[in-house]
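Just so it is clear, none of the values below were taken in a lab; they were calculated from the coordinates. Since the structure is predicted, the reported quantities are computational estimates derived from the model, not experimental observations. Don't worry about glycine lacking a Cβ; one is built from the backbone with ideal geometry, like all the others, and counts go over all protein chains shown.
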Amino acid sequence: MSLGNNHEPSNCRLVGDVLARIGDKWTVFIVRMLSGGPMRFNELKRGINGISQRMLTLTLRGLERDGLVTRTVFPTVPPRVDYELTDLGQTLITMLQGMGEWALKNRPTILAARSAYDARAE
């Protein structure tokens with residue numbers, strides 16, 4: 001699908017809303033973690049360096065609301081809760097993997113550009 005020159009200003013807010021969700025750094029990390037299959041909350045928290053319990057909760061709720069993640073509660077004592085990517089969430093894996101590869105490949109160039117910019121700004 002190509003956007004071409006068919007820019008509709010009325011779609012900016014709609015597209016921006018979706019991009020804000022999938023472009024969020026915590027969303028990227030969560031989708032990456034869940035790409036291997038269902039995980040429990042604490043597994044996600046341990047696997048994502050620097051995420052707070054509150055931010056993980058909020059991000060998972062947003063992903064569930066947007067239909068990207070399912071939350072399954074098992075009737076055990078204590079209750080067990082698993083999070084898993086939906087079919088729609090699975091479609092993000094390849095795209096986010098490509099973005100991650102691009103970021104790693106271009107990181108040295110970006111760091112050099114930042115240094116040059118900062119040197120000029122001083």
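Assorted remarks:
- Applying 1/(1 + (r/R0)^6) with r as the Cβ-Cβ distance of ALA103 and VAL15 and R0 = 35 angstrom yields a FRET efficiency of 0.95.
- Pair ARG114, THR57: separation of 7 Å Cα→Cβ label points (nm): 3.2
- Tail fraction, Cα-Cα pairs, the chain, threshold 19 Å, whole percent: 59
- Check: region 34-95 dipole with +1 on Lys, Arg Cβ and -1 on Asp, Glu Cβ, in debye: 300
- Packing, taken as the mean count of other beta carbons within 10 Å per residue, orders the peptides 29-36, 106-113, 81-88 from highest to lowest as 29-36, 81-88, 106-113.
- Label-to-label distance, nm, for residues given as ARG65 and ASP87 (7 Å Cα→Cβ offset): 2.5
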